[in-house]
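Trainee: Before we start, here is the structure in question, set down as structure tokens.
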Amino acid sequence: MISTPNSLHQLLTTYTCEHLISDDSPLKSALLDYSYGPKLPITLDSTLSMKDACDVLAKNRISSAPIFDNNSKTFLGQLDYFDLVAHILKVLTTISIDDRANSMTMGDIFKKENSTALPLSGITTYHPLVVIQKSAPLLDLLDEFVRANAHRVAVFDGTTFMGIISQSALAAVIVSKFGLRKESSVQWQTGQKSLEELKIIETEFVSVPPTASVMDVLLRMHLKKISSVAIVSGKQLLGTISMSDVKTIFAELNGWKHLFANCLTFFKDLRNKQTMDHDGNDLMPTFTVHPTSSLISTMEKMTATHTHRIWVVDSHQQVVGVVSLSSIIPILRT
């Protein structure tokens, strides 16, 4: 039995990656409270086509999975929605207006591009597979996030794949222990500091007007290698679209048609659907924070909305910047 940590450093040095993937770990239960936590380990066979791999990610509602080659018994890399979007954009830009009116499936879309018929073994993925052993302390996991500039790390027991741990999962653990809503005498001093004091607000960010198409938004995310963009009118925040929203597009039979829709309409439809899926409770609102917001309260909002980036607004609700988990992770060492 591990005692309750009285500091963030103790949490990161006492617990290991195994505690985040073990079903009987107290950290795993904390992750499940936020609908996080590694699910059953899912790998993609290197002989799968991009279309089949897309189906696997969509069916399991996951953002990425390692690619395994049965012949060499090795992992070749990691496929995620950045890779899928890169391939699908090449196809969708060639679709005519007549085709858009037809009842084409995602499978039909993939057939229009010969390169998507290639097995995964013949595709170069954008994000490499970053590996860590399950016995490694969480502090080593944090260091891997920083060293490799990775959003996710694959956990292994020797050569056996155990699961994926994301930056979001680590943030959820910290929130579960040090969050402002927790009745605990334990406090994290750095977490009480404001975003502007920590100087982690990125004032250069990507935004789009509400009239932009979803495909235009995805193209901008792909070119800029970012996971979300703000939908703004002037500087007023109207909504946001993230790379994880692509799961909805790929999961539906004719979901690809959303790509030609107005991005604000897509945002509103998606949020309405999520509200209905949760018995009318709006679990995915567009949360924002202020420059004076504390780091831990910001992490709480990011955890609650399952987002990697959150928008920073001023007193007039105008966007002034964005904060990402990638900017927060290095601070966790201080």
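Trainee: Using modelled backbone amide H atoms (1.01 Å from N, in-plane), which distant-in-sequence or interchain residues come within less than 5 Å of LEU238's amide H?
Mentor: ILE231, VAL232, SER233
Trainee: At GLU196 and THR159, where each label point lies 7 Å from the Cα along Cα→Cβ, what is the point-to-point distance in nanometres?
Mentor: Taking the simple label geometry, GLU196 and THR159 are separated by 5.6 nm.
Trainee: Further question on the same structure: Could you sort out which of LYS224/LYS257; LYS134/LYS193; LYS199/LYS268; LYS134/LYS224; LYS59/LYS225 sit more than 26 Å apart by Cα distance in this structure?
Mentor: Exceeds cut-off: LYS134/LYS193; LYS199/LYS268; LYS134/LYS224.
Trainee: What is the local net charge at CYS17, summed over the other residues whose Cβ is closer than 11 Å to its Cβ (Lys, Arg +1; Asp, Glu -1)?
Mentor: Overall, the nearby charge balance is -3.
The numbers here are math on the coordinates, done by the rules we state, and not lab data. Please read these numbers as outputs of a predicted model, since none were measured by experiment. Methodologically, a virtual Cβ is constructed for each residue, glycine included, from the backbone with ideal geometry; neighbour enumeration extends over all protein chains shown.
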